[in-house]
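Remarks on the structure that follows.
The values are calculated or read from the model by the stated rules, or taken from the named source; none is laboratory data. Everything numeric in this text was worked out from a predicted model, so none of it was measured. Glycine also receives a Cβ, built like all others from the backbone with ideal geometry; neighbour counts cover every protein chain displayed. What goes into the accessible areas is simple: the full protein's heavy atoms, side chains included, and nothing from ligands, DNA or RNA. Shrake-Rupley method; radii C 1.70, N 1.55, O 1.52, S 1.80 Å.
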Amino acid sequence: MCILLNVFKFLFRGKGILFYMNQFRIPAVMKKIVKLVFAFVITAYLTVAAQSNILTGSVSDAKTGEMLVGVTIKINELKGTGTITDTSGYFRLKVPVGAYSVTASLIGYLTMVKTDVIIQAGRETALSLKLQTTTLEIGSVTVRGDYFDKSIQVNNVSTVVLSAEEVRRSPGAVQDFQRILQSMPGVSLASDKNNELLVRGGAPDENLIVFDEMEIHSINHYPNEYNSGGPINMLNVDLIQDIQFSTGGFNAKYGDKLSSVVIVNSREGRRNSRLSGNANISMAGIGGIFEGGFANGSGSWLISARKSYLDLIKGAIGLTSVPNYYDGQFKIAYDFNNKHKMSFSGIYGNDYMHDDGSSDEEFPDKAGTADTIGIENELVKQNQMAIGATLRSLWNKSVFSSVTLFMNRNHSEIGVHNDFTKRSYDVSGTVQNSEILTRRLLFGENFTQGEAALKFEITWLANKLYELNAGMSYRTGFYKNTISLDSDSARFDMDNDGIFEIPLIVVPASDFTTDIRLFDHNKQYYYLNNRLNFFDERLLLNLGIRYDYFSYSNSSNFSPRVALSYYLRPQITSINFAFGYFYQSHVYPIYGDRYNSGINKHIQNSRAVHYVLGLEHIVEDGLKFNLEAYIKNYSYIPVSEDFIHSADRTFRSEKQLTIGEMHVYGVDAVLQQKLVKDIYGTLSLSYMKSKVKDMRIGYEGQEYSSDYEFPFALTLILGKRFTNLRDEINNSVFYIKYPAYILPFSNDMEISFKWRYSAGRPYTPKIYVTGEQHREGGIVWGKGTWVTGSEKNSSRYPAYQRLDLMFNSRYNFTTWDLIVSFSIQNLYNWKNIAKYSHNDDGTKEKVYQYAFFPVVGLEVEF
């Protein structure tokens, strides 16, 4: 006990932990959290004891969902520990607490290995394993166990599968799975403040999100029509079963998107428990989970809720505004029998954010002076939800189907005002006082979107060599968006002689509504996919066709798809190829216009043609190398008539022309190590070029870099798991033992880091001109205007780099567990520039991305 008291004194007095936190201006609330964490951890050193608990699970056929009997289950790290599945396809096994990998094998199926299986003291661990059939005979070839979830992959090329544990432990991801996907090859990162996915040169609205069979626009807080990303994901990592991410060449089942597919399946509640759960606090928020079973194990339920607290620590992460939100998620599953199973799930989020435009930056050249300036003030209020039910039916050993009925709704209110402000500066150039003289609405948006959809899919397994998939979907709903635009008064001095030849051009303020009554219209798609195996499973071929129709724009498209994999060595080395046409209807605002004239109603859908060629090789157990080259040819991209005539500053038009073209090509390489022998990591390297055909008058035949061209990106993630480390330290010499109490070492812990380097994002420089002037605040003529330069995307922001560090430690008690996490984002505080802010007075300010920021997390499981 004396040792414990001395450690507390060291931590919280003198130059202890709090002293060093003061050096980084960590807010008081975070200090209290850190202090509480260390109190928990040090107390835990004296009370943790070795425990065992139950590993339960089920094993099913990856295609049909039929439960498999007699599957051999082995714990790889514990020799002689294993069991087999019973007549219902379930298994139950007592295992000491810790982290393991589990092997499942059965004649006629490929052996699979599930890593990151965590046995907890506080509750049973449940697994849901799926095995893939094979025609290979044991002994005819050497086949390694599948560590990479090939059995559940919908696409053979450009696909990665992640588990919840991989999301949880990823440094810098703050338990947001989309931030992990940003580290995958071919994915670019535009800003720390958003988890948007920029896939192989594609825009952030080109990603299809499938959550529990529901095709929805976004599962993030603060979504918008043009972006499927947001500051933070709404999904609770503890509720995730698995994630599939395909960056190109996906099959005909998926469409109406040009770049990628993200498939997220949530897990079921624990059927063998009346009530279990956890409470947690992390950068993602503070919340809890409760779950259990009912009907004697035939059903389960699960619910979670979470609320943010970033508003309490916004100063520490270098932000003047932070997202405030809360979210909830649930899932209910019930088996009518072993042939028909129902699941019912949903998600909800509510968001609020206010950015008053204030800045802590110093302006030495303005020290002791005053000025007037227009400052943008933005207020955002949003809520979104999705809810759906899926019935899966196994009609016989060859035919199975699924029916999904779902709906989603999004509501958003956005107000952007210009506060014409008088500011005074102190002797250092910091804003001392500010007074708003006038406030004008620059942009207002109030939109509500709701959709209801029915989706049906059926599969016929003719034999082990041929599979036929077919499906359809019918979607209807509504979209109503009212936009308010401020009036604009401008005058032009065309020859810069001080005389304004065009003394006044007035664009009046306006409110216009885009009202797409989808209940009067609909979206439909139909697909057919043939999957064939040849030459003892050496050649896998997918041939598919898809048809999409949108009645509002009266547009329809056929999309042929083909993908093949040829195994040079069965299940070890393969050459992969994919080709296909991909079409996407536009975000709804594109169909509207300021004057409600309907000029954009019948524009064509955008198209991308994919070519992918790759090599995949399983180097050894749990280690995979993948190399892919790709080409994406875009056409029918909407281009505004304003942009075409951008040389004429007086030209105004609302018309969109689908004449845009873009050519993207690149190479992605990745080396991925699953958690085997206590080491895991990913090394990815991407090279990409993305060129847009310039449609502006006077630039015919020229090209420029797209907004999402990041020519080079390198990401390294590396982690190590330590077992029995606390016991080893306790048995070491005193000068190691006692100082080690400062850190939360345990017998089950991990340390990992992520380092990312990428080329800077392209941007078009703005030029401050005095020959074009607008009324500032509607009161006085400004001295000039920032106009977009003629050299489109001719400059780049400085290269981006960031190092994140993460530490996880787990403590197992008799009936509960404590997980302590400590991470540091941007460890060496690199000043990554997000953008430049252009002020009305001709000055320019740098807006930075996340600064050095430590994050402490606690999770209690019971």
Discussion item. Multiplying the sequence separation of F500 and R517 by 0.36 nm and subtracting their Cα-Cα distance, what value in nm do you get?
Written reply: 1.5 nm
Worksheet item: Where the centroid of each part is defined by its Cα atoms, how far is the stretch 386-443 from the stretch 566-629 in Å?
Response: 27 Å
Response to the item:
Binned at 10 Å from zero, the C-alpha pair distances of the stretch 689-838 give percents of 9, 21, 20, 16, 13, 11, 8, 2
Worksheet item: Assuming R0 = 51 Å, what is the FRET efficiency of R92 and T438, from their Cβ-Cβ distance, to the nearest 0.05?
Response: 0.10
Discussion item. Can you tell me the mean projection area, over all orientations, of the convex hull of the stretch 800-862's alpha carbons? Units nm², please.
Written reply: 5.9 nm²
Discussion item. Quick check for me: using +1 on Lys/Arg Cβ and -1 on Asp/Glu Cβ, what's the dipole size of the chain about its Cα centre, in debye to the nearest 20?
Written reply: 2560 debye
Discussion item. Place a point 7 Å from the Cα of A629 along the Cα-to-Cβ direction; which residues of the stretch 237-276 have their backbone N under 20 Å from it?
Written reply: 247-250
Worksheet entry | For D536, residues with placed amide H under 5 Å, excluding near neighbours | none
Worksheet item: Which of the peptides 111-123, 839-851 is most tightly packed, and how do the rest follow, judged by the mean count of other Cβ atoms within 10 Å per residue?
Response: 111-123, 839-851
Discussion item. Given contacts defined as C-alpha pairs under 8 Å and at least six residues apart, what's the relative contact order of the stretch 148-189, whole-number percent?
Written reply: 20 percent
Item to complete: Could you order peptides 556-567, 728-739, 683-694 by the average number of other Cβ atoms within 10 Å of their residues, highest first?
Response: 683-694, 556-567, 728-739
Worksheet item: Within straight cross-link reach of K737, meaning Cα distance under 23 Å, which lysines are found once same-chain residues fewer than 8 apart are removed?
Response: K9, K15, K35, K720
Discussion item. What is the angle, in °, between the Cα long axis of helix 2-12 and the longest principal axis of the Cα atoms in the chain? Nearest 10 is fine, range 0 to 90.
Written reply: 20 degrees
Response to the item:
the chain accessible area per residue, 1.4 Å probe, protein heavy atoms, integer Å², reads 42 Å²
Fill in: Dipole moment magnitude, nearest 20 debye, the stretch 318-457 about Cα centre, only Lys, Arg, Asp, Glu C-beta charged
1320 debye
Worksheet item: Which residue, chosen from G145, V161, Q178, occupies the Cα position most advanced towards the positive end of the dipole of the stretch 105-251, where the dipole is computed from +1 (Lys, Arg) and -1 (Asp, Glu) charges on Cβ about the Cα centre?
Response: G145
Practice prompt. Would you work out which of Y547, N730, V431 lies farthest towards the positive end of the dipole of the chain, given +1 charges on the beta-carbon of Lys and Arg and -1 on that of Asp and Glu, about the Cα centre?
Written response: N730
Worksheet entry | Taking all pairs of distinct alpha-carbon atoms in the stretch 57-210, Kirkwood radius in angstrom | 17.7 Å
Item to complete: Pop a pseudo-label 7 angstrom from the Cα along the beta-carbon direction at both T81 and F535 and give the gap in nm to one decimal.
Response: 4.3 nm
Item to complete: Grab the other residues whose beta carbon is less than 13 angstrom from that of W301, score K and R as +1, D and E as -1, and report the net.
Response: +3
Worksheet entry | For the stretch 413-569, diffusion coefficient by Stokes-Einstein and Kirkwood Rh (Cα), 20 °C, 1.002 mPa s, µm²/s | 96 µm²/s
Item to complete: With a point put 7 Å past each Cα toward its Cβ, work out how far A647 is from V676 in nm, to one decimal.
Response: 6.1 nm
Worksheet item: Using modelled backbone amide H atoms (1.01 Å from N, in-plane), which distant-in-sequence or interchain residues come within less than 5 Å of R775's amide H?
Response: S489, G782
Fill in: Using a Förster distance of 35 Å, the FRET efficiency for K844-I286 (Cβ separation, nearest 0.05)
0.35
Worksheet entry | Estimated distance in nm for a label pair at N829 and Y466, the labels positioned 7 Å out from Cα along Cα-to-Cβ | 6.8 nm
Practice prompt. May I ask for the angle, rounded to the nearest 10°, between helix 28-47 and the longest principal axis of the chain, with both axes built from Cα atoms and the value confined to 0 to 90°?
Written response: 10 degrees
Discussion item. What does the extension gain come out to for F294 and H411, with contour length at 0.36 nm per residue minus their alpha carbon separation?
Written reply: 38.6 nm
Item to complete: Might you report the magnitude of the Cβ-based charge dipole of the stretch 586-684 about its Cα centre, with Lys and Arg at +1 and Asp and Glu at -1, to the nearest 20 debye?
Response: 340 debye
Worksheet, complete the sentence: Protection proxy (average C-beta count within 10 Å per residue), highest first, orders 237-245, 177-185, 436-444, 757-765 as 177-185, 237-245, 757-765, 436-444
Worksheet item: Taking a quarter of the surface of the Cα convex hull of the stretch 550-636, what do you get in nm²?
Response: 8.0 nm²
Discussion item. Just to be sure I understand: of the beta bridges DSSP finds with both ends in the chain, what percent are antiparallel, rounded to 5?
Written reply: 95 percent
Worksheet item: Which listed residue (L485, S398, L442) has the Cα farthest towards the positive end of the charge dipole for the stretch 395-490, taking +1 on Lys and Arg C-beta and -1 on Asp and Glu C-beta about the Cα centre?
Response: S398
Worksheet item: Of all accessible surface on the chain at a 1.4 Å probe, what whole percent is carbon and sulfur?
Response: 58 percent
Discussion item. Pairwise over distinct Cα atoms, reciprocal of the mean inverse distance: report the Kirkwood radius of the stretch 199-258 in Å, one decimal place.
Written reply: 12.7 Å
Item to complete: Multiply the residue separation of R696 and T430 by 0.36 nm, subtract the distance between their alpha-carbon atoms, and state the gained length in nm to one decimal.
Response: 91.5 nm
Discussion item. With the cut-off at 28 Å, tell me which of the pairs K381/K632; K691/K766; K754/K835; K783/K831 have Cα atoms farther apart than that.
Written reply: K381/K632; K783/K831
